[in-house]
Every structure is written in structure tokens, then in C-alpha cells.
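> Have a look at this one before I ask anything.
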Amino acid sequence: MNIIPGFFYSKNDEWVEVKGTKATVGITDFAQNSLSDIVFVEISVSEGDHVEASDLIGTVESVKAASDVYTPVAGVVVAANESVIDNPELINADPFGKAWLIQVENEDGIDTSGLMNAEEYKTYCEGRG
Amino acid sequence: MMFIPHSDAERDEMLAAIGIQSMDDLFEAIPKRYRFPKINLHEGMTEIEASAQLKEIAEADLSVEDVSCFLGAGAYHHYIPAVIDNLISRGEFYTAYTPYQPEISQGTLQGIFEYQSLIARLTGMEAANASHYDGATACAEAGILAYHQFRGKRKKILVSPGLHPHYAAVMQTYLENFDGVHIEIPEFKSLDSVTPQNLADLIDEETAMVMVQYPDFFGQLFDYSEFAEIVHAKGALFCMSVNPIALGLLKTPGEMGADIVVGEGQPLGIPLSLGGPYLGLFAAKKDLIRKVSGRIVGETVDNRGQKAYVLTLTAREQHIRREKATSNICSNQGLNALTAAIYLSLLGKKGLQDVARLCYDKAHYAAERISKIPGFHVLNSTPFFHEFAVACPAPVSEINEHLLHHGILGGLDLSRMIPSLQNVMLIAVTELNSKEAIDDFCRILSGDENDDES
Amino acid sequence: MMMNREQKTIFELSSEGRNGFRFPKSDVKAAELPNDLMRETLPLPELSEMDVVRHYTRLSALNYSVDTGFYPLGSCTMKYNPKICEKAARFSGFSQLHPLQPVETVQGALLILYEMQEILQEISGFHAASLTPAAGAHGEFSGVKMIAAYHNQRDNSRRKVMLIPDSAHGTNPASSVMCGFRVQPVNTNERGNIDLKSLAAYCNDELAGIMITNPNTLGLFDENLIEAIDMVHQAGGLVYGDGANMNALLGIAKPAELGFDVMHFNLHKTFATPHGGGGPGAGAVCCTERLRDFLPGPIAAVIEPATDELPPLYGWKMPEKSIGQVGSFWGHFDVIVKAYTYCLMLGRDGLKRVAEFATLNANYLMSALKDVYPLPYDRICMHEFVLDVKWPDAPDVRALDVAKRLMDYDFHPPTNYFPLIVHEALMIEPTETESKQTLDLFIEAMRSIAKEAHEQPELLHDAPVNTPFGRMDEVKAAKDLKITE
């Protein structure tokens, strides 16, 4: 299982990469692996929407499960990844890279309090077998 | 023993294999004071006895086959071709379970795939599901879809007073516990006021969905094309409840711009059976398909390279999503969907056009005849399909009682559902009403009972 | 080389100008059509009658069914569907009744509905019944909504929590949410019973009720049932019974006496009406005195009592505070006629035998398989039981593989991966209508598969091979989504 150092992680298996006042959000390798083949991705927010931490931003669906995705951080949505909507299998192939879901910006800075770091997330995943 | 094959010897062998003494030992987990209660029922019967008793009960009923039927209002007396009962009586179809094991369920799965295709083609839509319980619950499910489409932010569902009152009632039952949703139905004033124009003024930014019926409850037909544009301009979804036979002739909801099409599939070869089981049609634009509840069959291939079908998009459904599912529906009306598929395949393009045309022509003949009877007045002033409302000179219940004496099942007494519509009868005519029967009906209505032999 | 079993669709079979059914020429003059309202094309297939008959007959041959083989699907009660029930439902005096006919003309049908309500009440101990729900989930929705209406009427609208054991059917939480409740799962303990400690934590003034399947989905009669029901009642909640497993209780125990307040029956399970390849079923709902006014309606009632000369007059009655109408008309009458016919034939003693022999058959299978298949809850079961296909010495074999391999032995697989609390669940419900000979063949097949799992696991991974179709590409179906042609 892959975990990227330097990213932040939520208990719902989303990751956040922070660069200045911008953050990129996606779902983790652990999440894609337990869902198996992803067949559908819906992003339910669009550019300009204001999101709070834990707001629903979309759904990821495999043949055996559908999982809601929440943003772990607050901000204004500045981009939604169109290519992952067209190619849901990207999530299985590259969950931390090409399969990012949204980018948000927050001029007051990205608040990552309450999120796990890579080490903590690794322990969290191992605890779930 | 009835339907239980075990001999006493086999039973004893099985008890011994389990390692218990008696049948009663199987139920030790049930607290003694609740175990083996007294059941006050009759003793069992043989098939010969049960058959005779049921036949006698059935004979107490008046079958529409033995009268001349002008009653419709959401359930219609059409001819059911012999092929249908022959095919759906095959045990391989009707004693099968839901096709969760596609390797040994391709009969059911392909049947549903063809049904979905037929309903999509008939309604002019891109997608259809494997069915809902009936026309009313299909309307309610459309309302739930609309609620979720706007994530609960739009709270109003605007319903035409031309929607079957039972359907509106069921929408109310289903949706009243959804957070703040309200169903708005303009009060019925007169038939002339049930128009798309009058509904259009009530659409606002709060509206999640607008629901109309086509033909409407009173038989009226409107072209909803412009209306659909108004609905869409306000950002709402447009849903039409249809009669599938009428679509043999009429412009499709798809052409008019509907987002969702629901309807009662009973006219497609399903017997009246006192109101059920029927068939809830449900079709939609393709981009809504993941929000459509209920089973959906999709095409795929098996590991031998054969084209095949499976239940798909199941991740939306209750057995996987549990409390996050948009609906609790589990079954579909499998056998009735198959019935509809066989009916549409058998009649085909020409047959469906023919039956729709027969209904249309005969209804118009009947309306014309009735409008000439003194005291009777056809209320429909716009085009109608096979049903129309008639103002009568006396309470409809009295007229119907009189008609029944002459072997005629009259139309619906509209005051039963819309109290302000006193002395108005809703009359339905299908291919099974002969000219002679229509003439007789008019003759009895006009009070001329000479030459009556019944 | 295997035969290709693909079937052309009705659209591929279509041939222009063909017609399978002719209507008579019109005997009235043609009416003027509304030209701007006519459709341009009608893209339906064109087939002959024989094309249609052959097509659907060939399709039917690709199905497994109760009429062709053993169907041990847990929680589905795939018992034999008696043919007399089909015949009776087709009597013209039942099948050809319009739902809006005057009640005087449908007294036979109303008598059946009325008596069916009485039969269900007698079997269950409840005081009232409504036959309007169209299916189990629909009955469940109705019953849970009655609980919501009950609390609302008592100004207890803060009661918003519905407890649901983790072993429950998925419809339970979905129905609860549709009725405005918040779902709280309750744990199952190591004996397969409701965990009372977990339950106690939620017995407060937010509690609306609990939904209990009993016997539960492990096929066990819950040993904590009476206490659990009592705790919920003490806290002011009501108890919903999921009647999916009622086949085990006919004549054995009455749910109302056990403390349930409202429950649905699946007529297509317990009362032998056919499953129809996915429906239609019927989901009657029954309740105690304090909920009767909330039942969905209308229900069949005596509107004029019998006199010395005349039988009673039956009619429709809407319960006083009814949650409303739940379907277009009055329920699945045709299905109810079949269930009624079944009850007539079985009678009091026959119905009890159903539960006895369903339970006997399940225990016979369980005791013959538990030495080769892990059995997570080893005690006398009711009408079904759950195996957990986890062999330490055959780690690659899963419940799915055993299920698929069973098809090669000409058996329908058991329910798999349910209940969710058993990870590799195979849930087996033989029903009472299967003979010892059939059960013995099934045991033989299951034991043989267990052996294969250890010695030639690839046979299981590749299965099925003796069926008309092999395993499906479900990812392709969902991704390339083609649902119409």
C-alpha cells in the first residue's frame, strides 16, 4: 500500500496536498484498493463553490460499493478534475497523482488540524487490516 | 402431506442425523410460554375442494369480460393476446428468483434488457429501469430522484391537478418525511383550468420537479414542448406520467423535453386483477441514470466471450448502500415487465399503432354520440386520447346503477376522487368496446330502453 | 468446444413489415387526429407470433428456477409454488376485475382480502392488517412510517433514532431513512443474538424504535429477543418485525405475543407465491391495537354486518389516521389470491408443518456440512443457517467460488456475502418442500466441492463451466453502461 509522505490524511481515506494557500484533494491508495475497480466518479462541487471541511464533494463507485467523498479542508473550489470523470480507472492507477479530485484555495491558509500525517495514517490503515 | 414430501421414516432418519429426539426439540430456543400457540384456523383442503370453493367465490364477482366496460381512470380493459399467458406461465420464468446469478439467469436478464429498450423507445428516452411497483410509486420515486438531484436544496414539487389523484396521494405519502419537501397541487377549479399555462406560473427557483400526466387524468392532451422549456429555464426537472398505449400514436415525452417519464404499464397485457400487481414504468435521460432507483440491467460479456446481461449499477441500491441508498426498493415487477415486453414485441410497430388508433377512434365516436344526448355534455375542449369527462344530468352513482342493470359498467364517478366534480363521469373506451356496445351505452344513457333484451 | 448460447435480441430478430398480432378493422369512422401531437416514428420490433414465442421460450431455457431445481437461497424462501394457486388467480372473477368497480360487484374478491387479513392476524397474533403494500420493502416502509406517525401524533417528534442490528437486510436502514429516521446500528454478540449492552446505550428519549428480523439473518431465534423488546418498550420505542423469515414461525410462535408492534409478511416467501424473476411479490403489514389506525389503506372491511338472510357486505375502509395510500390501488390482489389459496389448502396443521419441516431440513443440512465447512454459530438453527467459507488450508477459496461451483453440480447457489457480519457467508435455506433425496444430493455436492477446494481450487475459480454462460465482466457492464438497444 502506498502512502505519500508530506500529505495529510482523513479518517475517511481522503488525502490533501498543501501548497501555499492551495490544497489538492483525492482519495488514497487504501481507499481505491478496498473499493476495487472504479467505474464512476462524480464531483458534485464546481469552481467558485465554497466548501467547509467535511462537506460532500462527490461519489466514487465500483461494481461492489459506492463511497461518498468529503473534503478534509475548507476553501473555495478553484478546479475540479475533468479527466478523472472521463477515466474513472485513473483512481486505481494513480490515486495520489493524476486522479486528484478537486483543488481548493483559502486565503487565510489551509487548516489541516485534525488530519493525520503519513506516519499516523499508515498506523490507522494497518489497524484496519 | 401437502407440498411437504417427507415420509415418517425419512423424518425420523433426519432427526437421528441431527441428534435430536423429536420435532419439538428443534424449537428449544423459543421461550416455552410463547412456543406452539393455539392457531384458530380451519383444517386444510384438497385441491379439488379448494378449487371448488375458490370458483364459487370468484363467481360472486362481476368480471369485466361479462359486461361492457367503460371504466378506466388508471386501469384499462384491453385484450390480452393468448401468447402472453402461455409464455409467462413457463415455470422457468415465473418460479425464478431475482437474477443475482447471471450465469443461470440470462432468460430473465435479457428479457429485462429488452423491456428497458422497448420502454426507452416507446417514451423517446435514452434510459429505463427494470420497473417500479406501479404508476403511483413510480411518480413518488421520480419525486425522490428530484429531491436528491438538488441535494435537498429545492423543496417544491409542483404537481398538475391533471395527475391521477391516487398518484398524487402516494407522492404525498412517500415524500412527506423528506426534509421540508412540499408537494404543491393547484386546487382543481374546472377542467378548462387544467392546462400547462396555468401550471407554468407556479414554477419558481424553489421547484425541484414539475409533474404532469399525458394524457392527463381527464384524458386531455397537450403539447408540453414549450412548457418543458419554461420548466428548464427555472432549473427544475420535468417529469411526465404517461399511458403507454397512447404513445403508439402520440408525440413522445422525449421529443417534448421530459427529463423523467413514468407511467402505468398495466395496459401492456397485464390483467386488471382488482388493481394489482401492475407495472411502474420509469425512463429518464441518460445523465440521470445513476440517480434512478431500482434494478437496471446492462449488457456485458462473459468469460467465454458471449454477449450477456447482468444487473448493473447495483452499488446505488439498498443492499449495498443501506441507509445511503436513495430508495428502499428491492424487487421489480419482473414478471409484469416481461409481460409488457412480450406484448410490445408481439404487437410491434403496427399492432401498437392499430390498438392506439382503435382506442382513439372509438372514444371519439362515443364522445360524439354522448354529446348529442340531451342533458349530457362532454367537458373536454382540447384533444383527448381514449378517455373524457361528461357532465351528467343526475348523480353518476345513480346512472351507473342503472347501467349495471343493463350489463354495462359505467365510467368513474369523479366525485369519488374530486368532490367538487359532482355529476361528472369519466369514460374510458378501448379496442374492446364495439360500436354496438357504445350505441347501447348511449341508448341507456338517453333513457331509451326499448328493444333492451338484458 | 462449447455451444454459443447467445440469443439475438428482439430488435435483431425484427424484420420490416412483419406483424405478430392483428386487431379487427375499426367499426367506427376514423376521428380527426391532432396532427401536431403525433409521433414521427415508432421504433418497435416487427416479429411474427412464432418469432415471439420461440424467442421467449428459448430465453426461458437459460433460466434456473424452482420448477427446474433446488434453490437454497437464504432469506428468500424459494419453496415450491403450487399450480392450483396460479389457476385460481386466473379465474375471470378474480383476474378480470376493475379496481374501481362498485363494491357490490366484487364481493368475492373483498371476501378473500378480508379473510386473508384475518388469517395473517391469527397466525401472527396481531389485531389488524393491511394488504396494500406491494412487496416486502414496501411493507417495511409502511410499517416504519406507522411508527413515525405514532410518535408524531404523541408530539414525540424528537424520537428520531431507529435501531437496526448489524445483521439486518439493507432495506431496513433504507426504509428508515425514507421515513425521516436516523439509523443506529446495534451489534450482534458471539452467540448471534442482539448485544444487550450495545442496545442499552441507545434506550433513551430519542429512541423511535428498533427493527428486528427474527429468526435473524443467521437463521437463529434470538435468545435475547424478549429482553431486547422489553428494553425498547421501556424506553418508549416501538418494535418493528421484519417478517422475511416468518416461514420458521408459522404455528411455532406469534410475533405479537413475543412483543412486536408491527410487522410485514412477504407473501411471496412464506405463502408460496412465485418470485417471478424478481417480482411482483406482496408485503402485507400487520400491527397491534395501538397502531391500527395508522395502517396504510384502504383495507377490506365489513361495511354492513350479516343478517339472518344476507351475508355481510364487504367494502373499503381507510384507517382513521392512516399514513395514506402507498400504491395506485389496493395492493397485489392477484398475489393475495395465490397466498389465500395456499392457506386454504394447508390449513391450521399444514401451516405449522411448514415451519417444522423447513427447520428440520435446515438442521439436517447444517449437521451434515459443519464438519467440512466452518460454522460460525453452532447451535440448532431455525429455517436457515450461515456458513463462513474460510479454510486456513485453502486461503484462496472464497464463498463466491463455492457458490459458482455449485452451479456446475446443477444447484442454485445459496445467498452469499450476507449477512455482512459473516465475511465469507453462504446462507442456506432449503425450505420444507425439498425432499431428503434432494438434500442428500446437495450435501454430496457441497462435500465434494469442499474437497476440490483443498485439492484442485482452480476448479472453483474457473466455475461455472457446465452452465450456459460463464462468469461475467461486471466492470465492463458498469463502465460501458449499455442498458438499452
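Read-outs throughout are calculated quantities, based only on the coordinates presented, and are distinct from any laboratory measurement. Quick caveat, the model's predicted, so the values are computed rather than measured. Cβ atoms come from the backbone with ideal geometry, glycine included; neighbour counts cover every protein chain shown.
> With each run of n ≥ 4 DSSP H residues scored as -39500 (n - 2.57), what mean residue ellipticity at 222 nm is computed for chain A after dividing by its residue count and rounding to the nearest 500 deg cm²/dmol?
-4500 deg cm²/dmol
> Toward the positive end of the charge dipole of the protein assembly as shown, about the Cα centre and with charges on Cβ (Lys, Arg +1; Asp, Glu -1), which of A:V69, C:A61, C:S157 goes farthest?
Farthest towards the positive end: A:V69.
> As I understand it, the dipole of chain C uses +1 on the Cβ of Lys and Arg and -1 on the Cβ of Asp and Glu, about the Cα centre. Which of C:S26, C:Q184, C:N204 lies farthest toward its positive end?
Projecting each Cα onto the dipole axis, the largest value belongs to C:S26.
> Now a separate question. So for the range C:84-344, averaging the separation of alpha carbon pairs under 8 Å that are six or more residues apart and normalising by length, what relative contact order in percent results?
Contact order relative to length: 28 percent.
> Too long at a 26 Å Cα-Cα cut-off: which of B:K285/C:K476; B:K372/B:K435; B:K285/B:K324; B:K189/B:K251?
Violating the 26 Å Cα-Cα cut-off are B:K189/B:K251.
> To continue, here is another question. What is chain B by shape, rounded, prolate or oblate, if you read a ≥ b ≥ c off the alpha carbon gyration tensor as root eigenvalues and call it rounded for a/c under 1.5, prolate for a/b larger than b/c, and oblate otherwise?
oblate
> Another one. Please average, across the residues of C:318-331, the number of beta carbons from any other chain that are within 10 Å of each residue's own beta carbon, and give a whole number.
6
> I would also like to ask the following. Per the helix-only calculation at 222 nm, which mean residue ellipticity applies to chain C, given -39500 (n - 2.57) for every DSSP H run of n ≥ 4 and division by its residues, nearest 500 deg cm²/dmol?
Dividing the helical sum by the residues of chain C leaves -10500 deg cm²/dmol.
> Still on this structure, I have one more. For every other residue with a beta carbon closer than 12 angstrom to the beta carbon of B:A356, add +1 if it is Lys or Arg and -1 if Asp or Glu, then tell me the sum.
+2
> Based on the mean of other beta carbon atoms within 10 Å per residue, what is the order of A:41-47, B:146-152, most packed first?
Taking the mean over residues of other Cβ atoms within 10 Å, the ranking is B:146-152, A:41-47.
> If you plug each phi of the range C:342-357 into the Karplus form 6.51 cos²θ - 1.76 cosθ + 1.60 with θ = phi - 60°, what whole-Hz ³J(HN,Hα) values come out, in order, with x for Gly and Pro?
My calculation for the range C:342-357 gives 4, 5, 4, 6, 7, x, 3, 6, x, 5, 5, 4, 3, 5, 4, 6 Hz in order.
> Relative contact order for chain A using alpha-carbon pairs under 8 Å, separation at least 6, rounded to a whole percent?
The normalised contact order for chain A reaches 32 percent.
> As I understand it, the value is the acute angle between the Cα axis of helix B:396-405 and the longest principal axis of the Cα atoms of chain B; what does it come to in degrees, rounded to 10?
Once rounded, one gets 70 degrees.
> Relative to the longest principal axis of chain B, what angle (0 to 90°, nearest 10) does the C-alpha long axis of helix B:135-149 take?
Long axis of B:135-149 versus the principal axis of chain B: about 90 degrees.
> Between C:A135, C:M38, C:A88, whose Cα lies farthest towards the positive end of the dipole of chain C when Lys and Arg beta carbons carry +1 and Asp and Glu beta carbons carry -1, centred on the Cα centre?
Selected residue: C:M38.
> Another question, then. Summing +1 for each Lys or Arg and -1 for each Asp or Glu, what net charge is found among the other residues whose Cβ lies under 11 Å from the Cβ of B:L109?
-2
> Output ³J(HN,Hα) for the range C:68-76: one whole-Hz value per residue in order, computed from phi by the Karplus curve 6.51 cos²θ - 1.76 cosθ + 1.60 with θ = phi - 60°, and x for Gly and Pro.
10, x, 6, 10, x, 7, x, 6, 10
> Taking the Cα centre of chain A as origin, work out the dipole magnitude from +1 charges on Lys and Arg Cβ and -1 charges on Asp and Glu Cβ, in debye rounded to 20.
Magnitude of the dipole: close to 380 debye.
> Shifting gears a bit: Quick check: the angle from helix B:106-123's long axis to the longest principal axis of chain B, C-alpha only, nearest 10 degrees?
Around 10 degrees separate the two axes.
> Given a cut-off of under 8 Å on Cα pairs at least six residues apart, what relative contact order in percent is computed for chain B?
Worked out over chain B, it gives 20 percent.
> A follow-up question, please. Can you give the charge dipole size of chain C about its Cα centre, rounded to the nearest 20 debye, using +1 on the beta carbon of Lys and Arg and -1 on the beta carbon of Asp and Glu?
540
> To continue, here is another question. Just counting partner chain Cβ atoms within 10 Å, what average do the residues of peptide B:84-91 show around their Cβ?
The shielding value for this peptide is 5.
> Relative to the compact-globule scaling 2.2 N^0.38 Å, provide the ratio for the alpha-carbon radius of gyration of the range B:12-143.
So the Cα radius of gyration is 1.70 times the expected 2.2 N^0.38 Å.
> While we're here: Report the local net charge at B:G248: Lys and Arg +1, Asp and Glu -1, summed over other residues whose C-beta lies under 10 Å from its C-beta.
+3
> Another one. Given charges of +1 on the Cβ of Lys and Arg and -1 on the Cβ of Asp and Glu, with all other atoms neutral, how large is the dipole of chain B about its Cα centre, in debye to the nearest 20?
Charge dipole of chain B: 2020 debye, to the nearest 20.
> Helix-only mean residue ellipticity at 222 nm, chain B, DSSP H runs n ≥ 4 weighted -39,500 (n - 2.57), per residue, nearest 500. What is it?
Helices in chain B give a 222 nm mean residue ellipticity of -11000 deg cm²/dmol.
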